[in-house]
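Just below is one structure, and these are the notes that go with it.
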Amino acid sequence: MAEVDLIIIGAGPAGMSTAAVAARGGLQVLMLDEQPQPGGQIYRNVAQNRAKRGFLGQAYAAGVDLVDALDHPGITHVAGATVWRLDKGPQVTWSRGGKSQTTSAAHVLLATGAQERPAPFPGWTLPGVMPAGAAQILMKTAGMLPKDAVLAGSGPLLYLIAAQMIDAGSPPQTLVETQTFTQMLGATPHLPRALFGLPTLLKGLGLIAKIRKAAVPRYTAASGFHATATESGKIQFSFRAKGRAQSLTCGLLLTHQGVIPGTHITRAAGIAHEWNAAQGAFQPQHDLWGETDQPGLHVAGDGAGIGGAEAAAAAGELAALNILCQSGRISSDTRNQRAAHARAALFRARAIRPFLDAAYPPPAEILAPTDETIVCRCEEVSAGAVRQAIGEGAQGHRQIKTSLRCGMGPCQGRMCDATLRGLLSEGRANRPISPPRARSPIKPIALGELAALSFPQEEPA
Amino acid sequence: MQQRTPEITIIGGGLVGLSVALGLLLAGQRVRVLDGADNDARASQGNFGLIWGQGKGWDFAPYANWTMDALAAWPAFAQQLQELSGIDVALDQSGGYEFFTDPSEFDAFEAELTQQATHLGHRARYEMLNGDDLRCQMPGIGPDVVGASFSPCDGHVNPLRFLRALRCSVQAMGGRVTMGATVATIRPQPGGGFALALADGDVVNTEQVVLCAGLGSASLAGDLGFITQVKPQLGELLITEKLGDRLPFLSSTIRQVDEGGVQIGGTKADAGLDDRESLRVMAKLAQHAVTVFPALADVRVVRAWGALRVMSPDGYPVYAKSTAHPGAFLVTCHSGVTLAPLHASVLADWILNTSPIPDLEAFDECRFALSHAA
Amino acid sequence: MNVASRFRTLPETGESVQFTLDGVPATAPAGVTVAAALVAHTGAWTRQTAQGAPRTAYCMMGVCFDCLVEVDGTPNTQACMTLLGDGMTVRRQTGLRNLNGGHDG
Ligand SMILES: Cc1cc2nc3c(=O)[nH]c(=O)nc-3n(C[C@H](O)[C@H](O)[C@H](O)COP(=O)(O)OP(=O)(O)OC[C@H]3O[C@@H](n4cnc5c(N)ncnc54)[C@H](O)[C@@H]3O)c2cc1C
Ligand code: FES
């Protein structure tokens, strides 16, 4: 017997909107998230920041409604809860405060979101080099503003963070963008469709205007990133732009190359994954309602494919309606009717994606970096070593991993899988490469905690 | 597409196939290794790295002695791999324990070791320690351990570096290793020789073939007239974060990899081809680890996995020459790490018929003939 | 090496908590993670890898495991996933952790 109707893993926009709709529909919802506050990556600490940190902007502040909607008798939100395994049933095993337990549910929604695409280049492991999204988390959760920072990379989030830094009175020293004019031009065929997402498009243009107005120096079509540390601990950042070598000294180098779904949990759950060529990432296969090939397992939000916060919230609503229908709370007609609004929202929110994906692709040198670059941060494996293992015959993730320990550290490949794939497909773009196998525990768990797990009911024979 | 004909083709590039390939290369043969897909069942990429003799062959003397020969051959073999590949396989043969928490299991194992000693004669070396003596020797051992056996002959290597060292050694000796070359069927040719049809449509012609495809041998053995049916046996394992200091012991279920991580394993289950790790077994392995050595309790597990052992019907190695199709050989075993030095040396003599030693009759598949017919 | 923080912390009102970093007393706003407090405190490394390379918190969201430090005697604690508590003892790590807490060097 299921202990709750629905377990939601992840309290970002997808998870929160699912929770609200499901609970209003009469389901008992258990919401688990490893962060101390609900909100997910985008709305981190939004409820705590109601009256302060206005520089984070309107779109951020809007998240407070989703958090407030969690205040419902049908929703139990457990913060600091790390899910580390999923079993058939479905059953969810999670850890909190050094203790693990297993909870069963009729349905489980995985709404665990995205991670920043690893952006390796020589020097990316130095203190002083950090993903731009990480700096943004510090702005949201700790009121910490980057000092003397260069923002480097590409994608809409780079502009947003630049604008937030400008509004907070700590503008970036320089903006170094990798996308080229050709990429922008190549993206224009997607513009008509993007017009359906006009507000998002305008917002983006507004951000760029703000950066212009603040007179932040900008380089475009930059390549050949290389960072070293100076005597005093500053970062010496060199690159090429428009054929000329450039070098900047800064306190902080913030890089960004877009986000990819965090698929560790969905892969470990046994869900089938597919390669999304436009986004250059694996994502769990799912239908229009977020249902996967594993009974009782649903996905929504960026973890199911990158779409942004508004798309995530809409997808969460659709998943909730479908789960309500499968739980016998609403008919399929009602589900379909009520879905119309969310479907339209999802369409609008996703309309701009093809344009963004085409305009801001990760550069080849990030996908398959130079030999000297560390690829696996945990095991300290270089791209050169990976190329050597490929030269010895390795054809897939597993052979590289077992040859080099690449991806065997505590992050279990989260920081190197994407790069391994890039290296594996060098010069043979069309060869299919299956996603690497993910296993439990999804996050490290102490032997003592694992040993203390209790199994109340015997499994049916 | 027709390809150039090497003398001997090995099907399977796991520990067994590569060891046999190395032996043949060292004997001066031209060798080609065909290895399957990245996501095949690969015991060679999921094993425990033990070089282990305790209890092996207690009820089958040839296996007890064969294993003991292998243990003795390891130091020179590791040296040879280092020279050929430049890779240190981290051989450590300073002895290993088998821990017990159940007195009757402890007694039963002692009986097996006594039996094994009758086969090994003066080569038998083991001692039994009761719990208190053990804790005197090694203060960190938990109070629920009732006893342990110890053999100074046992040891381990880094299994992943070992696999890579074998592959690089084979390549250094001029062997060709082709990965992503799954053999779909084998057609013995009328005038002798074999046509190996690959899954991608290519055909490889060869005069002699050695089938070492682990669980992949199950579907190919029949093509060559062999009757051995290998079966998967699931073993589950845990690996922890790395530790800077060393565990004071090596055991058949808890071992520290030279890089620092602690590996915990030793389970056996029949789960078909399902190699997923299960929650209950993970918890059981963790319980075992903290029972044996309570200080491990705060060490974190970073990954659990399942791997499929390659088991012959009686669990012992099979070294068979096809009578129906001369030039075809079958080599399969469970303890491919332990036995590797022999697979890379004397097995070549047996394949090439160049020397009367060793007598491998006992490992022929004719021992399954009766049950096969039944 | 002592490197100034790469961040400026907004002068917001609110409670603060005391902790020690390698034995030296320090203060941080209440409600922040150990990683945020560390990065606010120093621009230098907070962990050295097995090969001796300097690292500090990187992703701030529990993905990269570069923020591992010793918190209240527990080594390899993910600082970005741990809320800073009053009186916490935080130590930077050099090399691999040891069996009974602590670490090399
Ligand atoms: C959990 C576990 C723990 C173990 N611990 C130890 C230990 O401590 N000590 C020890 O001595 N041994 C141990 N072993 C056993 C050891 O790993 C195996 O004996 C050894 O790896 C077997 O090697 P193999 O080459 O036969 O099989 P595998 O390693 O499975 O290799 C078979 C190879 O054949 C290829 N292949 C399959 N089909 C085809 C085809 N049709 N065409 C081409 N290629 C094909 C595959 O791709 C694969 O590379 C353990 C095994 C397991 C599962
Ligand atoms: S900073 Fe990446 S896991 Fe903590």
Quiz item: For chain A, what is the percent of antiparallel DSSP beta bridges, rounded to the nearest 5?
Solution: 50 percent
Quiz item: If you rank A:449, A:310 by how much accessible surface each has, with a 1.4 Å probe, what is the order from largest down?
Solution: A:310, A:449
Quiz item: At residue A:58 and residue A:370, where each label point lies 7 Å from the Cα along Cα→Cβ, what is the point-to-point distance in nanometres?
Solution: 4.4 nm
Quiz item: Cα axis of helix A:309-326 to longest principal axis of chain A: angle in degrees, 0 to 90, nearest 10?
Solution: 20 degrees
Quiz item: Hey, with R₀ at 25 Å, roughly what FRET efficiency would residue A:455 and residue B:108 work out to, going by the Cβ-Cβ distance, to 0.05?
Solution: 0.35
Quiz prompt | Any cysteine of chain A lacking a neighbouring Cys Cβ under 4.7 Å - listed by number | solution = A:250, A:325, A:378, A:411
Quiz item: If ligands, DNA and RNA are left out, what is the accessible area of residue A:99 with a 1.4 Å probe, given in Å² to the nearest 10?
Solution: 150 Å²
Quiz item: Ballpark to the nearest 100 Å², how much total accessible area do B and A bury together, probe 1.4 Å?
Solution: 3600 Å²
Self-check item: Rounded to the nearest 20 debye, dipole of region B:231-311 from Cβ charges on Lys, Arg, Asp, Glu
Solution: 180 debye
Practice problem: On a 0 to 90° scale, report how tilted helix A:332-351 is relative to the longest principal axis of chain A, with both axes built from alpha carbons and the result rounded to the nearest 10. | Solution: 10 degrees
Quiz item: If region B:96-152 were replaced by its equivalent ellipsoid, with semi-axes equal to the square roots of 5 times the Cα gyration tensor eigenvalues, what would those be, largest first, whole Å?
Solution: 22, 13, 6
Exercise. Compare B:324, B:124, B:213 in a GNM of chain B, Cα atoms joined below 10 Å, and give the one with the largest fluctuation.
Key: B:324
Quiz item: Accessible area of residue C:61, 1.4 Å probe, to the nearest 10 Å²?
Solution: 20 Å²
Quiz prompt | Per residue, the convex hull volume that the Cα atoms of the protein assembly as shown enclose (Å³) | solution = 187 Å³
Self-check item: Measure of compaction for region A:1-148 (Cα Rg per 2.2 N^0.38 Å)
Solution: 1.16
Quiz item: What helices does chain B have that are whole DSSP H segments, at least 18 Å long along their own axis by Cα, and with mean Kyte-Doolittle hydropathy of -1.0 or more?
Solution: B:61-85, B:103-120, B:159-172, B:279-292
Exercise. Please work out the Cα center distance from region A:204-228 to region B:265-304, rounded to the nearest Å.
Key: 50 Å
Practice problem: Return the whole-Å distance between the Cα centroid of region B:62-105 and the Cα centroid of region A:41-88. | Solution: 55 Å
Practice problem: Give the Cα extents of region A:368-425 along the principal axes, in whole Å, largest first. | Solution: 26, 21, 15
Quiz item: Taking only the alpha-carbon positions of region A:231-297 and ignoring solvent, what does the Debye formula give for the base-10 log of I(q)/I(0) at q = 0.21, 0.25, 0.27 Å⁻¹?
Solution: -0.90, -1.12, -1.19
Quiz prompt | Å³ per residue enclosed by the Cα convex hull of region A:277-414 | solution = 136 Å³
Self-check item: Sparse-neighbour loop sites [GluC sites (Glu not before Pro); region C:9-94; at most 12 other C-beta within 10 Å; DSSP]
Solution: C:12, C:15
Quiz item: Over its Cα atoms, what ratio of radius of gyration to 2.2 N^0.38 Å does region B:117-271 give?
Solution: 1.50
Quiz prompt | Heavy-atom SASA rank of A:414, A:244 (probe 1.4 Å, accessible area, largest first) | solution = A:244, A:414
Self-check item: Inverse mean reciprocal Cα-Cα distance (Kirkwood Rh) of region B:231-311, Å
Solution: 13.0 Å
Quiz item: Given the Cα atoms of chain B, and with Rh set as the inverse mean 1/r over their pairs in the Kirkwood sense, what is Rg to Rh to two decimals?
Solution: 0.98
Exercise. Round to the nearest 0.05 the FRET efficiency obtained for residue B:276 and residue B:349 when R0 = 41 Å and r is the Cβ-Cβ distance.
Key: 0.50
Practice problem: Note the direction-averaged projected area, equal to a quarter of the hull surface, for the Cα convex hull of region B:1-102, in nm². | Solution: 10.2 nm²
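Only Lys, Arg, Asp and Glu count, each charged at its Cβ (+1, +1, -1, -1), so figure out the dipole size of region B:96-152 about its Cα centre, rounded to 20 debye.
Using Cβ point charges on Lys, Arg, Asp and Glu, region B:96-152 gives about 320 debye.
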Quiz item: Each label point is 7 Å from the Cα along the Cα-to-Cβ direction; what then is the distance between the points at residue B:83 and residue B:197, in nm?
Solution: 4.4 nm
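Less than 11 Å Cβ to Cβ from residue A:157, Lys/Arg counted +1 and Asp/Glu -1: what total charge do the surrounding residues give?
0
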Quiz item: Can you pull the Kirkwood radius for chain C, inverse mean 1/r over Cα pairs, to one decimal in Å?
Solution: 13.8 Å
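State the percent of C-alpha pairs, over all pairs in chain A, separated by a distance greater than 27 angstrom. Show your work: numbers first, answer last.
Numbers: 59120 of 106030 pairs.
The answer is 56 percent, as a whole percent.
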Self-check item: Heavy-atom SASA rank of A:167, B:298 (probe 1.4 Å, accessible area, largest first)
Solution: A:167, B:298
Quiz item: Can you pull the Kirkwood radius for region A:118-257, inverse mean 1/r over Cα pairs, to one decimal in Å?
Solution: 15.7 Å
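Summing -39500 (n - 2.57) over the DSSP H runs of n ≥ 4 in the protein assembly as shown and dividing by its residue number, what mean residue ellipticity at 222 nm do you reach, to the nearest 500 deg cm²/dmol?
-8500 deg cm²/dmol
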Quiz item: What whole number of Å gives the distance from the Cα centroid of region A:318-351 to the Cα centroid of region B:154-192?
Solution: 54 Å
Exercise. Let me have the relative contact order for chain B, percent, based on Cα pairs under 8 Å that are six or more residues apart.
Key: 23 percent
Quiz item: Gaussian network model of chain B, Cα springs within a sub-10 Å range: biggest mean-square fluctuation belongs to which of B:165, B:27, B:328?
Solution: B:27
Quiz item: By DSSP, what percent of the beta bridges with both residues in the protein assembly as shown are antiparallel, rounded to the nearest 5?
Solution: 65 percent
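Over chain A, with the other protein chains present, what is the accessible area per residue in square angstrom, probe 1.4 angstrom?
The answer is 38 Å² per residue.
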Exercise. For region A:1-66, state which trypsin sites (Lys or Arg not before Pro) are in a DSSP loop and have at most 12 other beta carbons lying within 10 Å of their beta carbon.
Key: A:50
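The values are calculated or read from the model by the stated rules, or taken from the named source; none is laboratory data. Keep in mind that this is a model prediction, so the values were computed, not measured. We place every Cβ from the backbone using ideal geometry, glycine too, and count neighbours over all the protein chains shown. In case anyone asks, the SASA skips ligands and DNA or RNA and just uses the protein heavy atoms, side chains included. Shrake-Rupley method; radii C 1.70, N 1.55, O 1.52, S 1.80 Å.
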